[in-house]
There are 2 protein chains.
Amino acid sequence: MHASDLAEEYPLVGLDTDALEAAQIMAKRRLPGLVVTDESGRPYAILPASQVVKFVVPRYIQADPSLAGVIDEPAADKIAAQLSGKRVRDLLPDNPHELPTVNADDTMLELAAIMARMRSPLVAVLSDDRIVGVVTASRLLSLICATP
Amino acid sequence: MHASDLAEEYPLVGLDTDALEAAQIMAKRRLPGLVVTDESGRPYAILPASQVVKFVVPRYIQADPSLAGVIDEPAADKIAAQLSGKRVRDLLPDNPHELPTVNADDTMLELAAIMARMRSPLVAVLSDDRIVGVVTASRLLSLICATP
């Protein structure tokens, strides 16, 4: 079995995609993260949903979460406003999660080996440097551990 | 809004749950990870799907994924057989991913702060030390970034 047989459609965002739009894609599709491509459409990084949460929570509250219990909780739209005017590149940490890649004609075992080695929840499948799909760890397990 | 309002049903497995069964739950529900509880039912750790993949891929291939391209690929059931007779505790790494917890009456902002600080994709919501549900980062974003 080849990587191209495993790849599924997965939302891609660019470094300049609107931050709120990216958050809404993750929210709507209940994804733990998005694949981020660079200006040329090449794989760049993974943006975890928890990183977006990190971006919208004030730093003094991250430093001491118990403070959140004693202040008036801001309305959801006020929290989301932190994303206004920001782009995906602003949300990424300094050392973003690397997005492992395989070629479309690599085998399932090669893909699994790369996922395992990088402990990555996602691997992007490339053909001619373009992303043709993504394989998640749970997708791979569904093929390995199929119930009869 | 309180953590208990955000919590959703999420599959829990125990340290002694059969490893193949745990993998099949992740596969079937396409989850990036499972919540693992200890013998008393208390939150113990997160088992990422990529960790299960790591467990089934032979070490010499993880060390050099290109080897996977030159050997005959084992059948899926032979790969899955690595999980046979194993339990969830065997799959967890030595330093498993910590599962952050909040109390049912903590606020959404407290929950977000803990998720942000620990960069965790999941937070378990407790009442009397029992897990009453789980909040994923994407669930939280769906509340924060709701489209009108």
Test: residue in region B:90-100 that is surrounded by 18 or more Cβ atoms within 10 Å (Cβ to Cβ), over 20 Å from B:ASP16 (Cα atoms), at the interface with chain A (Cβ under 7 Å from one of its Cβ atoms) and in contact with a strand residue (DSSP E or B) (Cβ under 7 Å, 6 or more places away or on another chain): no
Please return the ranges of strands (runs of 3 or more DSSP E) entirely within region A:1-118 where 1 or more residues are at pLDDT 90 or above and in contact with a Phe, Trp or Tyr (Cβ under 7 Å, 6 or more places away or on another chain). A:33-37
For region A:9-18, which residues satisfy the criterion of being surrounded by fewer than 18 Cβ atoms within 10 Å (Cβ to Cβ) and in contact with a helix residue (DSSP H, G or I) (Cβ under 6 Å, 6 or more places away or on another chain)? A:PRO11, A:LEU15
Taking A:LEU31 and the conditions (1) more than 9 Å from chain B (Cβ to nearest Cβ); (2) in contact (Cβ under 8 Å) with a residue 12 or more places away in the chain, which numbered condition does it fall short on, given that it satisfies the others? (1)
Meets criteria (surrounded by fewer than 21 Cβ atoms within 10 Å (Cβ to Cβ), in contact (Cβ under 8 Å) with a residue 60 or more places away in the chain and within 14 Å of another protein chain (Cβ to nearest Cβ)) for B:GLU21: no
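The values are calculated or read from the model by the stated rules, or taken from the named source; none is laboratory data. Keep in mind the model is a prediction, meaning the values are calculated, not measured. Positions of Cβ are backbone-derived with ideal geometry, glycine not excepted, and every protein chain shown enters the neighbour counts.
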